[in-house]
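Structure record follows, encoded as structure tokens.
The values are calculated or read from the model by the stated rules, or taken from the named source; none is laboratory data. Remember, it's a predicted structure, so these values are computed and weren't measured experimentally. As a convention, Cβ positions derive from the backbone with ideal geometry for all residues, glycine included, and neighbour counts pool all protein chains shown. Each accessible area value is taken on the protein alone, full model and side chains, heavy atoms only, with ligands, DNA and RNA left out. Shrake-Rupley method; radii C 1.70, N 1.55, O 1.52, S 1.80 Å.
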Amino acid sequence: MIGDSTYRKDIDGLRAISIIAVILFHLKLITNGYLGVDIFFVISGYLITKQIYTQTLVGEFSIISFFERRIRRIVPLVLFTSFLALILGMFTMLPDDLENLSQSVIATNFFSNNILLLLTSENYWKLVNDYKPLMHTWSLGIEEQFYIIYPLIFIIFKKSSLRILKVSLVFLALSSFVLFIVIDKSAYKFFLLPFRYFELAAGGISYILFSEKRFSSNVKWVSLLGLLFIVFFDFKLVNEVKILIIVISSLGILFSQDDSGLSKLLENRVMVCIGKLSFSLYMWHQIVLAFYRYLYSSEIVILSIISFFVIIIFLSVFSYRFIEVPFRDKDRIPTRYFFSAIILMLFVSTFISLAIYTRAGIIRDVPELDIKSTSIKKNFNILNVRDNPHINYNSRIYKLDKNFKTQKIRILIIGDSFARDWANVLLESSYKDKIEISYIVKLITHPEANIRINNSDVIFFSPILKEDFEPLRKQYQIPLNKLWIIGTKNFGSNNGVFYNQKGKLNYCFQRTKVETKYVEENMILKKQWGNRYIDLLGSTMDTDGLMPVFTPDCKFISQDGMHFTENGAKYFAKVLSINKYIRKKINPK
């Protein structure tokens, strides 16, 4: 009977498949490995419901005891690993990255990193996330939020009847599934509990419905093979279909009869051992991988993969034996001492993280960014993002959203942060006193767009495909003879690996490979716009496709690999012939 308390080795085997898939995905060795998290969700829902439901039936369920078990299971290791990541970051990270890490530590401590990532990154697949040591704790946020809400459902509806409880659980799960299918916002569906609830609830509802039944072993075989093929092979299916297959396959494995062949696959010593270590492996792997990329190289070669596995296995065995197991045991660490230690650790790591965050991660001088730790103003207004010292140089251009007032060369700049970067290049050029800049973020929503277009001498527009621009050109009657398209740009994924080469002879002469998508985008835009395109990449890229990281006086060109520092804007103002783009006004013929 599945409903008994017998330990099931096959569940640890399934956990092993999940964690192996996730690790291989973050190593970029497989494309669908992220689905391992979805397997974890189904398993968690099954095990949590098994615990809550069986205790509820006999009137023994205690929400306080439930929360204590969950806290003992998860919090000690999360606090330990995230705090260690913060300490490493303090010694190795540039201020902007350290600020982001401190923010992640706070969010992780309070199981809300999924919400933070939704607000700051949106796209889980962004390359920048590879350098975030705590990027993976988004899934813990979803699970813990589920653990808070889920038992309350049992408490509320159990007072009525078991039938109403079951109907309520099914209704909530179906509502979540409908949201997941209907809503067309992938970031919401990835990071938020309402869109993930059905995965966790699927395991739980299935336990309630099938705890007395088992499907044939054939179902288990088909489910396992389906799961393995979807996770480890690059099937071209929409994400919603992949997740649905994973959920159904996981349930098929959980609720089918055992088979000797399957036992060899799921219940052998190696798989069970990996399954037991899965939580520690999950917590350590991204931290080790992110710091490897940050300190040494974004390229993962065979030797580094071998070293990576040796390190995370060692750390996982250590943390499993000395953190996970002891803190779960009430006899070894009584409740009073346990919560005293947890509260102290939570306070210390949160306080240090908050102190770092209010200083924008600036805890040392960084001459390459013209940053001095003694001159930074503490920022307690976390909602005022534009005043952040790492982006205020770019965001200062927002203040130029106003009508033209002088008879200088009237320059209208339209678009996103790349457009603001170009405004800074112009303001750092030798023509800064001869021009007046007016800035518009979004053309289609701006009330004075037509007036400014008509009054402008030159118009610069963010990188945009010709087919996307044509409707705007017709609607606003933008003259092509005074239009320039600002080029796309990229200076690598992260400055950390260059910063940590300090002391080497070629430190100030390092170059970086441009991400492929930007090279391709640049080629398309350049072909479409011809001599009306400002080729920022082509102006400094060498024959090997490499861009400089530093200016000639050893200052970072970019803060984040995408946007100019003040020194970067000055550098491009010298590299480019600014006169070319406004020459009709300067040298009338």
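Which order do Val178, Val241 take when ranked by solvent-accessible area (1.4 Å probe, heavy atoms of all protein chains), largest first?
Ranking Val178, Val241 by accessible area, largest first, yields Val178, Val241.
I want the antiparallel fraction of DSSP beta bridges within the chain, as a percent rounded to 5.
For the chain, the DSSP antiparallel bridge percentage is about 25.
Which of the lysines could a cross-linker span from Lys242 if the Cα-Cα distance has to be under 25 Å and same-chain partners fewer than 8 positions apart are dropped?
Once the sequence-local lysines are set aside, what remains near Lys242 is Lys28, Lys126, Lys185, Lys189, Lys220.
State to the nearest 20 debye the size of the charge dipole of the chain about its Cα centre, where the only charges are +1 on K and R beta carbons and -1 on D and E beta carbons.
Here the chain has a charge dipole of around 1160 debye.
Provide Rg and Dmax in Å for segment 200-348, with only Cα atoms included in the calculation.
My reading of the Cα-based Rg and Dmax gives 19.8, 53 Å.
In whole Hz and in residue order, list the ³J(HN,Hα) couplings for segment 319-333 that follow from phi through the Karplus curve 6.51 cos²θ - 1.76 cosθ + 1.60, θ = phi - 60°; x for Gly and Pro.
5, 5, 6, 9, 10, 4, 5, x, 6, 6, 8, 5, 6, 7, 10
If packing is taken as the average count of other Cβ atoms within 10 Å, what order do 466-473, 407-414, 277-284 fall into, highest mean first?
277-284, 407-414, 466-473
So what's the projected area for segment 414-460, the Cα convex hull averaged over all directions, in nm²?
Computed as one quarter of the Cα hull surface, the answer is 3.3 nm².
For the chain, what is the relative contact order in percent, using Cα pairs closer than 8 Å and at least 6 residues apart in sequence?
Contact order relative to length: 16 percent.
Below 18 Å, Cα to Cα, which aspartates and glutamates can Lys330 reach? Residues fewer than 8 away in the same chain don't count.
Answer for Lys330, where 18 Å is the Cα cut-off: Glu68, listed by chain and number.
Can you check what the net charge comes to around Leu369, using other residues whose Cβ is under 12 Å from the Cβ of Leu369 (Lys, Arg +1; Asp, Glu -1)?
-4
Place the peptides 453-460, 195-202 in order of packing, highest mean first, counting for every residue the other Cβ atoms within 10 Å and averaging per peptide.
In decreasing order of mean packing, 453-460, 195-202 become 195-202, 453-460.
Any chance you could look up the accessible area of Thr406 with a 1.4 Å probe, heavy atoms only, rounded to 10 Å²?
50 Å²
Determine the per residue accessible area of the chain with all protein chains present and a 1.4 angstrom probe, expressed in square angstrom.
Value returned for the chain: 47 Å² of accessible area per residue.
Sequence neighbours fewer than 8 away in the same chain don't count; with that in mind, list the aspartates and glutamates whose C-alpha is under 17 Å from Lys9.
Hits, sequence-local ones excluded: Asp258, Asp259, Glu267.
Once you measure Cβ to Cβ distances between cysteines in the chain, which Cys have no partner under 4.7 Å?
Cys273
Which residues' amide hydrogens lie under 5 Å from the amide hydrogen of Val441, considering only partners 5 or more residues apart or on another chain, with H built in the peptide plane?
Close amide H contacts, sequence-distant or interchain: Gly415.
Hey, which of these cross-link pairs are over 19 Å Cα-Cα: Lys482/Lys574; Lys402/Lys442; Lys405/Lys434; Lys50/Lys158; Lys432/Lys580?
In this structure, Lys482/Lys574 lie more than 19 Å apart at Cα.
Based on the mean of other Cβ atoms within 10 Å per residue, sort peptides 41-54, 334-347 so the most packed one is first.
41-54, 334-347
Report, to the nearest 10°, how far helix 417-427 tilts away from the longest principal axis of the Cα atoms in the chain, using its own Cα long axis and a range of 0 to 90°.
30 degrees
Going by alpha carbons, how many degrees (0 to 90, nearest 10) lie between the helix axis of 193-210 and the longest principal axis of the chain?
Result, in degrees: 20.
For segment 141-238, what are Rg and Dmax over the alpha carbons, in angstrom?
So, for segment 141-238, Rg and Dmax equal 15.9, 47 Å respectively.
In square angstrom, rounded to the nearest 10, how much accessible surface does Lys372 have for a 1.4 Å probe?
Solvent-accessible area, nearest 10 Å²: 130 Å².
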